[in-house]
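The values are calculated or read from the model by the stated rules, or taken from the named source; none is laboratory data. Note that this is a predicted model, so its numbers are computed, not measured. Glycine gets a Cβ as well: all are built from the backbone with ideal geometry, and neighbour counts include every protein chain shown.
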Amino acid sequence: MDLPTMEDSKIIFALDVYDRDTGIELAKNLADQVFAIKVNWPIILENGIKIISELSKYSKIICDFKLADVENTDKLITEKVAQYGAWGIISHAFTGIKSLRAVVKSAGQMKVFSVVSMSQESYIDNVYDKLVDDSLKAGVFGLVAPANRPDRLKKIRDISGDIKIIAPGVGAQGGNIISAIMAGADYIIIGRSIYDSPDPIGAIKKFNDEATKL
Ligand code: 3DU
């Protein structure tokens, strides 16, 4: 299916709303301005997993479920998400390579991204290099690393080769697009600064302009 998604955009829109109609409206209006749309638990908990198929009519959908369990449970969740047509899924990496491999194996066509560092300080800060190493060995498609911590992001890029890095933390969490891209991010994840804006389309256009200036 041909999606209107803008392949050269560096923006992944984080659609962190509960309401179905609001979510569908935003997806419809913004899909042609973004590389992909990321959903998290709020919209799934309110509307059920079928919302993934509905949203997939408008854009590539990345399910940010931050899987963090034993391999069998991660596999069961991943297979179920794949059935609803998601383009990508996000897993934690700290649960170890066995779980990551289970996610990659059961993802089918879906791209798997693993979290190697958070946008706020956390205990995984102490092991980010091991998380990158395991993620590369497990064969994930990409990594999630913080846009608002460019020094950390740069360290992650330096040990990750050319694997895709998607980076949250711009706008509401204080980061900016230019320093994140310069530190090595391929795509920038932005939520509140878009969906809370009185003009979401204008907000995305501004972010796209900024990202393509580089
Ligand atoms: O802060 P924002 O509203 O721009 O949204 C950021 C999104 O990225 C949100 O869905 C959040 O769950 C996700 N995310 C982080 O913010 C930080 C991480 O380390 C990983 C994911």
| task | For region 157-179, name all the residues that are within 12 Å of the ligand (Cβ to nearest atom) and either in a helix (DSSP H, G or I) or touching a residue at least 60 places away in the same chain (Cβ under 8 Å) (or both). | result | I166, P168, I177
| query | Of the residues L30, L100, L55, L45, which is more than 17 Å from the chain's Cα centre (by Cα) and closer than 30 Å to G174 by Cβ? | reply | L45
| Across region 180-199, which residue is farthest from the ligand (Cβ to nearest atom) among those that are among the small types (G, A, S) and part of a helix (DSSP H, G or I)? | A183
| Assuming F113 fulfils every condition listed in (1) touching a Cys at 6+ places or on another chain (Cβ under 6 Å); (2) in contact (Cβ under 8 Å) with a residue 40 or more places away in the chain apart from one, which condition is it? | (1)
| task | Considering only region 81-124, state which residues are β-branched (V, I, T), farther than 16 Å from N40 by Cα and within 16 Å of the ligand (Cβ to nearest atom). | result | T95, V116, I124
| query | For A31, are the conditions met, namely being over 18 Å from G108 (Cα atoms), at pLDDT 95 or above and hydrophobic (A, V, I, L, M, F, W, C)? | reply | yes
| request: Tell me which of these G202 doesn't satisfy, since it passes every other one: (1) more than 15 Å from the ligand (Cβ to nearest atom); (2) in a helix (DSSP H, G or I); (3) crowded, with 17+ Cβ neighbours inside 10 Å. | output: (3)
| field | Qualifying position, being farther than 14 Å from V140 by Cα, within 15 Å of the ligand (Cβ to nearest atom), of a type in the set (G, A, S) and within 15 Å of the chain's Cα centre (by Cα), among A68, A14 | value | A14
